[in-house]
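Quick notes on the structure that follows.
The values are calculated or read from the model by the stated rules, or taken from the named source; none is laboratory data. Treat the numbers as computed from the prediction; the structure is a model and nothing was measured. Positions of Cβ are backbone-derived with ideal geometry, glycine not excepted, and every protein chain shown enters the neighbour counts.
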Amino acid sequence: MKRIIRMVKPLAVLFGAAALLASCSQDGLPTSQSPGPSSTATGLAYNAEDGFQVNEYLGQPEGPNLVYIEGGRTVLGSYEEDILKSHDNIERTVTVASFYMDETEIANIHWLEYLFYIKNDSSEEFYQSALPDTTVWRQPLAYNDPYVDHYLRYPGFRYFPVVGVTWVQANDFAVWRTNVVNKKLAEDAGVEVPEGGDGRIPLESGVVLPNYRLPSEAEWEYAAQALIGNQWLDENQTHKRLYPWDGHALRNPYGGQMGMFLANFKRGRGDYAGIAGKLNDGAMITDYIYNYPPNDFGLYNMAGNVNEWVRDVYRPTSFQTMNDLNPLRRDGYLDKEDKYDVPGFQSLITNKSRVYKGGGWNDVAYWMSPGTRRYIDQDSCTATIGFRCAMIRAGTNY
């Protein structure tokens, strides 16, 4: 999908620019949405013929499925007992900028839509590389074979989370999604996007979104905690959370759903859902992406259902080295991979080891605590890992 941008309907653009430049803020100072008729640096007029063009801007557009996550200070880290003695997520105070995150996990129907479009406009090689590995369901000593053929494509599983996708495939999906969403936003705004060019719609147009991407581990953990629900008076939080909901219990304490589990997880050895007639968590494998109550940010299944890929490279000491503002480990900086390989011991920690979070349908409750973390190679996939996308909130300092 290589496209360039070209303005059409000059009169519409002219009227839009006039509305843009008609006024500044109430106190007379220019703002991003009301920059005024001329530059405060040079005095030159905006939008004059052959002059600097300032397009209309009404704020960051709404992206499909995205929920606004107001940032702030928080304490990241695991509040669960460190049963593996890994000591790899020690509590530390950080600040996370506001961002957007998908309301739900990416579902099978979304991935099938992706496959449909790239089959039409991409190479056969890329299409083949985007196919999920459905054989992740097959086990040598179990009969899960029907899921191999049916889980991705059977209509009954449309809104179940896609699995069998690698970290690399998830990133490719985010790139495709960015291009498709921005093309539609540009067309809806009256901007023609013809074939050819470098395919990028200029950010200066004011009608497109920043990139969809995987969330950082800090963003994911912050969003899962959803401590905005515990806010009291001025910068006080009444309590921390072990899970994405209040309390230490796994069952809903309120209303008609009292006693029902709040997430899809493995209840115990051999117990995935309960007994017939009262399947408490309702799912022996994955479940409908809108099942179970959302957290206080409005995000579904931030615990259970499927684990989720995040952007970070795994290091056990990341909590010691990363910045305390928008922390992210993108590579082995200050913590090289070769120091984990010693004679007689082959480490799994490399620059391709990626973190996944949140617990899944095949995990016990321990892994549903937002601070727990695990990792596998970015080219690996399982029946228990999916993902959701995130996006920066542009044009703001909070």
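Within region 253-288, if we keep just the residues that are out of contact with any Asp or Glu (no Cβ under 7 Å at 6 or more places or on another chain) and among the aromatic types (Phe, Trp, Tyr), the residue that is farthest from Leu299 (Cα to Cα) turns out to be Tyr272. Of the residues making up region 244-288, those that are assigned to a strand (DSSP E or B) and crowded, with 19+ Cβ neighbours inside 10 Å number 1.
A count restricted to region 318-362 and to residues that are assigned to a loop (DSSP other than H, G, I, E, B) and either not assigned by TED's automatic domain parsing to the domain that holds Phe265 or not polar (S, T, N, Q) (or both) stands at 22. Just for region 217-240: of the residues that are outside any helix (DSSP H, G or I) and in contact with a Phe, Trp or Tyr (Cβ under 9 Å, 6 or more places away or on another chain), which one is modelled with the highest pLDDT? In this case the residue turns out to be Ala226. Among the residues making up region 39-94, those that are assigned to a strand (DSSP E or B) and more than 26 Å from Leu209 (Cα to Cα) are Ala45, Thr74, Val75, Leu76, Arg92, Thr93, Val94.
The residues in region 342-354 that are surrounded by 12 or more Cβ atoms within 10 Å (Cβ to Cβ) and more than 22 Å from Cys381 (Cβ to Cβ) can be counted, and the count is 0. Among the criteria (1) free of Cβ contacts under 8 Å to residues at least 12 places away in the same chain; (2) in the same structural domain as Leu328 (by TED's automatic domain parsing); (3) closer than 28 Å to Asn326 by Cβ, the one Thr31 does not fulfil is (2).
Summed over region 1-54, residues that are modelled with pLDDT under 50, in contact with a Gly (Cβ under 7 Å, 6 or more places away or on another chain), surrounded by 14 or more Cβ atoms within 10 Å (Cβ to Cβ) and not aliphatic (A, V, I, L, M) total 1. The single condition among (1) modelled with pLDDT of 90 or more; (2) in contact with a Lys or Arg (Cβ under 6 Å, 6 or more places away or on another chain) that Gly259 does not meet is (1).
The residue that is surrounded by the most Cβ atoms within 10 Å (Cβ to Cβ), counting only those in region 355-387 that are among the charged types (D, E, K, R) and closer than 18 Å to Phe265 by Cβ, is Lys357. Quick check, is Ala383 in a loop (DSSP other than H, G, I, E, B) and in contact with a Phe, Trp or Tyr (Cβ under 7 Å, 6 or more places away or on another chain)? In short, yes.
Of all residues in region 152-186, those being of a type in the set (Ser, Thr, Tyr) and within 14 Å of the chain's Cα centre (by Cα) number 1.
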